[in-house]
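As structure tokens, the structure follows; a few thoughts come after it.
The values are calculated or read from the model by the stated rules, or taken from the named source; none is laboratory data. Note that the structure is predicted; figures quoted are calculated from it, not measured. So basically every Cβ, Gly included, is an ideal-geometry build from the backbone, and we count neighbours across all protein chains shown. SASA here: full protein model, heavy atoms, side chains in, ligands and nucleic acids out. Shrake-Rupley method; radii C 1.70, N 1.55, O 1.52, S 1.80 Å.
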Amino acid sequence: MIIGIDMGGTHTDGVIIDKEKILKTAKRTTDREDLLTTIWSTLQELLEGRDKEKISSINLSTTVSTNAIVENKISRVGMIVQSGPGLNYDFSSVGAQIEHIGGYSDHRGTVVREVSENEIHKIKHSFIAQKIESIGIVCKFCIRNPSHEKQISNMLEDSFDTITMGHSLSGKLNFPRRVHTAYLNSAVHEAFNTFADSFEESLKREGIHAPVHILKADGGTISLATARNTPAETILSGPAASAMGLSALFSENQDGVLLDIGGTTTDIFFLADGAHLFEPSGTSIDGHKTLIRAIYSVSLGVGGDSHVRLEGGEIKIGPQRKGHPIAFGGRHLTPTDAMIALDKLNAGNKKQAVLAVEKFAKKLNMTTSKAANKILYEMSRSIKEKTDFLLEKINSHPVYTVHELLENKKIKPQFINVVGGPAKILAPFLKNTFGLAVHYPKLYEIANAVGAALAKPTMEINMYVDTERRILSVPKAGIYETIDASYDLTMAENRALEIVKEGATQPGGTAASIEAEIIESSSFNMVKGFQDISKNIRVRAQTKPGLTHRITEET
């Protein structure tokens with residue numbers, strides 16, 4: 001049995017799947033102040049009457065890291081940045097606690113000027129005085145020589161619990177993106193690990209010992225233990241589960257719009273010839289351009305529990321969520337109240353919902369029914385307006401999918417597939433607004449949990465090659481090989497793919513059946529004098545993200 005759990009900002013959904021059959025589902029309100037109880041009660045509901053020993057794995061998706069960033073509930077991060085000579089970079093968006101230090105390595109990784117330990121000691125004491133909680137350290141050419149990052153980390157490790165070094169996150173050269181990625185990794189470390197602690201405690205209470213994985217932004221998975229050190233990988237984990245869930249519940253080969261409408265936000269995705277759009281350079285979140293590879297998605301601050309009000313005589317919805325709908329004891333009108341008032345949703349206190357919409361309707365000089373419909377129409381219109389804007393932007397640039405670059409491709413949606421709590425109710429409004437066919441599956445309410453459960457386990461390796469020392473190493477796999485001085489990037493990439501496939505092959509299976517991909521690779525000539533004498537090669541490879549299988553309406 002596989003358990004899939006999606007912890008969103010509004011609801012936590014769960015599902016148990018066994019041999020392609022859904023055994024049970026669960027939906028709970030997420031208590032952000034008590035994640036342990038939320039997770040534990042979801043597990044208890046799912047596992048009632050089940051043999052826990054038969055659980056083979058648990059897959060998670062969560063918006064914990066994303067919400068922490070968007071809602072500014074992050075740790076105070078002190079950034080130490082070594083830019084060296086050259087361009088001046090503006091890193092003001094990573095906060096006021098940023099220190100630019102001297103010393104540097106050149107583009108070959110050769111140390112030109114050492115770090116001043118006295119300077120680092122002063123920064124340490126300043127950060128302590130400012131009550132800095134986490135540290136990010138990024139040196140411009142750290143991927144070619146991480147010695148300065150490691151030196152600074154060693155000097156600070158006794159004073160700070162969380163330290164992120166830029167070279168540990170990516171082998172790509174993009175210095176500004178690496179700074180932002182390191183910042184976010186340290187910023188969400190405490191929030192994510194609080195969630196991880198709660199999850200592991202709930203497993204302990206239930207006596208569950210199955211391996212736990214969490215979705216990355218590209219639809220792949222990493223172990224919960226690995227995610228504890230690199231929580232930035234879990235940013236956009238929730239949207240990744242949406243994308244995987246939509247793929248699990250629909251089979252498409254045309255251009256389309258995919259929507260996951262939740263209580264707080266609507267996540268928007270696109271298909272090009274049936275394949276998800278992709279951001280190979282790295283996704284952006286809250287103004288931070290990162291090195292995190294991701295399925296293309298954009299979150300719009302419009303959901304079932306978004307704040308509805310009048311501004312200048314116009315109906316405005318979101319992006320704020322000011323608590324529960326009025327029908328559930330809240331104080332502010334929401335689209336959920338409109339759904340309840342129209343008898344489209346049987347939940348909460350209908351009388352309170354009707355009174356709230358009626359009061360709102362008087363301001364518009366409308367009937368209660370017409371005002372409620374107007375709210376849902378405006379919600380759909382907001383989604384279309386954002387979708388049209390994104391399409392115009394996407395079609396002005398090269399289109400990348402999870403499979404390939406599509407030359408001269410222009411996306412022209414032929415349909416809309418929608419999941420999430422309000423999916424069924426909003427489908428006719430979306431159809432009228434977009435003028436396209438709108439589909440939702442039977443499992444629309446727990447699609448994210450299905451996507452998490454069915455995401456393939458992925459294996460990832462980092463390979464390092466030094467032709468001067470004639471060594472190839474893959475520390476994670478315990479592989480250390482002697483190579484020829486003529487070893488090149490193509491040979492390294494081929495060997496990395498072999499290692500990933502071999503490591504991911506199940507007993508009785510064959511490596512040939514495993515799909516793997518190179519996600520980062522670089523080769524740099526190490527020069528002494530005026531001759532190229534060696535290469536420094538770095539390759540990052542993984543098994544391709546995907547689904548173990550799809551769910552049909554009959555399963």
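The table that follows gives values for the structure above.
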{"item": "For the stretch 439-444, Karplus couplings with θ = phi - 60° (6.51, -1.76, 1.60), whole Hz, Gly/Pro x", "result": "10, 9, x, 4, 9, 4"}
{"item": "Proximal lysines relative to LYS204, as straight alpha-carbon distance under 25 Å, when same-chain residues fewer than 8 apart are discounted", "result": "LYS24, LYS27, LYS52, LYS54, LYS216, LYS456"}
{"item": "Percentage relative contact order, the stretch 421-491, counting C-alpha pairs under 8 Å, at least six apart", "result": "18 percent"}
{"item": "Carbon/sulfur fraction of accessible area - the stretch 409-492, other protein chains in place, 1.4 Å, %", "result": "51 percent"}
{"item": "Relative contact order [Cα under 8 Å, 6+ residues apart], the chain, whole percent", "result": "14 percent"}
{"item": "Simple Cβ-charge dipole of the chain, Lys/Arg +1 and Asp/Glu -1, about Cα centre, in debye nearest 20", "result": "1340 debye"}
{"item": "Column: log10 I(q)/I(0), Debye, Cα scatterers of the stretch 300-374, q = 0.14, 0.19, 0.20, 0.26 Å⁻¹", "result": "-0.36, -0.67, -0.75, -1.25"}
{"item": "Within straight-line cross-link reach of LYS322, aspartates and glutamates at Cα separation under 18 Å, skipping those fewer than 8 residues along the same chain", "result": "ASP31, GLU33, GLU71, ASP305, GLU311, ASP337"}
{"item": "Solvent exposure of the stretch 11-126 as accessible area per residue, Å², 1.4 Å probe", "result": "52 Å²"}
{"item": "Carbon/sulfur fraction of accessible area - the stretch 8-52, other protein chains in place, 1.4 Å, %", "result": "41 percent"}
{"item": "Cross-link partners of LYS131 among lysines (Cα-Cα below 16 Å; sequence separation of 8 or more within a chain)", "result": "LYS73, LYS122"}
{"item": "Extension reserve of the SER281-LYS476 stretch, reckoned as 0.36 nm per residue once the Cα distance is removed", "result": "67.8 nm"}
{"item": "Whole-Å distance, taken between Cα centres, linking the stretch 341-373 and the stretch 206-257", "result": "37 Å"}
{"item": "Size-normalised alpha-carbon gyration radius of the stretch 144-246, reference 2.2 N^0.38 Å", "result": "1.22"}
{"item": "Three-way shape call for the stretch 289-444 based on the alpha-carbon gyration tensor, with the a/c threshold at 1.5", "result": "prolate"}
{"item": "Theoretical FRET efficiency, 1/(1+(r/R0)^6), r = Cβ-Cβ of TYR89 and MET491, R0 35 Å, to 0.05", "result": "0.50"}
{"item": "For the chain, average projected area of the Cα convex hull in nm²", "result": "28.5 nm²"}
{"item": "Amide H contacts of LYS409 (H built 1.01 Å from N, under 5 Å, at least 5 apart or other chain)", "result": "VAL399"}
{"item": "In Å², nearest 10: area of ILE518 left accessible to a 1.4 Å probe", "result": "50 Å²"}
{"item": "Table column - 3J(HN,Hα) (Hz), the stretch 55-69, Karplus curve with 6.51, -1.76, 1.60, x for Gly and Pro", "result": "6, 8, 6, 10, 10, 10, 9, 7, 9, 4, 5, 4, 5, 4, 6"}
{"item": "Area accessible to solvent at LYS442, 1.4 Å probe radius, in Å²", "result": "150 Å²"}
{"item": "MRE, 222 nm, helices only [DSSP H, n ≥ 4, -39500 (n - 2.57), over the chain, to nearest 500]", "result": "-10000 deg cm²/dmol"}
